[in-house]
Amino acid sequence: MKRLIPVLLLVAVLPAGSQTSVPEIAFDSVVNPLNFPTSITLGEAAGVATNSKGDVFVYTRTGHPTISLGTSRPFAHGGSRLFQFDKTGKYVREIGKDSYAFLVAQQVRVDPQDNIWVVDQMSSMVIKFNPEGRVELLLGRKSESEQVPARPLDAPAGRAGRGPAGAGQQSDIFQRPTDVAWDAAGNIYVSDGLGNSRIAKFDKNGKFVKSWGSRGSAQSQFNKINGIAIDAQGNVYAADAGNKRIQIFDGEGNFKTQIENVGAPAALCLTPGPRQVLYSSNSNPPEDIDNDGEIFKLSLDGKILGKFGKAGKLPKEFGTVNAIDCRRENELYVGELGNWRVQKLTLH
């Protein structure tokens, strides 16, 4: 008779939490470095990104969101706007004005070819603009109508799929996506992270390849993916905010390891170049905006190199950071939801 031998499965965890103290990084801040026209007021700064020329793009919840109830199907429109500034902060233009898909701004990213990608949470779409500001690619599809009142995040929905909770459909039909990133081959990764709990992969032409993840706390499960980033080796970093960890996968969705003890990660940013570092915001939650709020700087082996900032409303304090741009390692732009502003940071 064969004897059964119990096997203990160990999950690799990078050693961020083993450090007894985290060094404070000195930094300076320029609050609101972008010069908006007097006719425009910046709202919640959901996304901020730069291109290779130093131009700055801000996707903001500034507008007039409305839902038309005069027919049997409620239609939503308006609510967010995308602006471009030059490297000195001078206003350049608005992109995608009155776009069908601009409802609730979630993120803006710029790819290596200087294309501008917008993630909209409410329309459940990802929109690619070329550097001239024209639409080149769409992922996802805006609903034909909206449910009023809206469904809770954990409620089953038609676009959620028939598999495990949060797994979504095996397609580019999203439910409140949060972020977008690319690997060196141009493959596209979208965190379908608020209504669903998955990461969807597409080829460079936008053809759906696969997705992974579902709602939960186990390995390869998620509880609100607020952001993603991809390193030079093609590893995918997912800000699993509700589970207070950053999970790391290869490009096919195979779990590799995770980083803990960096709070509830929201915005992620990986620097370019041969020595990449990761920035992760421990964004103060909406129900407790006076706590946490700092941004961590980590090496890719999970070591915390330092942290800076705290929750608050003054310069060098943060109110729910939702976006970080780190094209230069020691010069960052951060977008804040709670304080309706962008700060330009210089680390020392």
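The values are calculated or read from the model by the stated rules, or taken from the named source; none is laboratory data. Quick caveat, the model's predicted, so the values are computed rather than measured. As a convention, Cβ positions derive from the backbone with ideal geometry for all residues, glycine included, and neighbour counts pool all protein chains shown. Calculation scope for accessible area: heavy atoms of the full protein, side chains included, ligands and nucleic acids excluded. Shrake-Rupley method; radii C 1.70, N 1.55, O 1.52, S 1.80 Å.
Below is a table of values for the structure above.
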item: Heavy-atom SASA rank of F255, F296 (probe 1.4 Å, accessible area, largest first); result: F255, F296
item: Amide H contacts of F174 (H built 1.01 Å from N, under 5 Å, at least 5 apart or other chain); result: R141
item: Protein-only accessible surface order, largest first, of E287, E252 at 1.4 Å; result: E287, E252
item: Å² per residue, accessible surface of segment 290-333 at 1.4 Å; result: 42 Å²
item: Efficiency of FRET from Cβ geometry, L138 and T88, R₀ 45 Å, rounded to 0.05; result: 0.90
item: Relative packing of peptides 36-43, 300-307 - highest average C-beta neighbours within 10 Å first; result: 300-307, 36-43
item: Accessible area in the full protein assembly, largest first, 1.4 Å probe, for W182, W212, W340; result: W340, W182, W212
item: Rounded to whole Hz, the Karplus (6.51, -1.76, 1.60) HN-Hα couplings of segment 298-311, x for glycine and proline; result: 10, 7, 6, 8, x, 6, 7, 7, x, 8, 7, x, 7, 5
item: Solvent-accessible surface (1.4 angstrom probe) belonging to S143, in square angstrom, nearest 10; result: 40 Å²
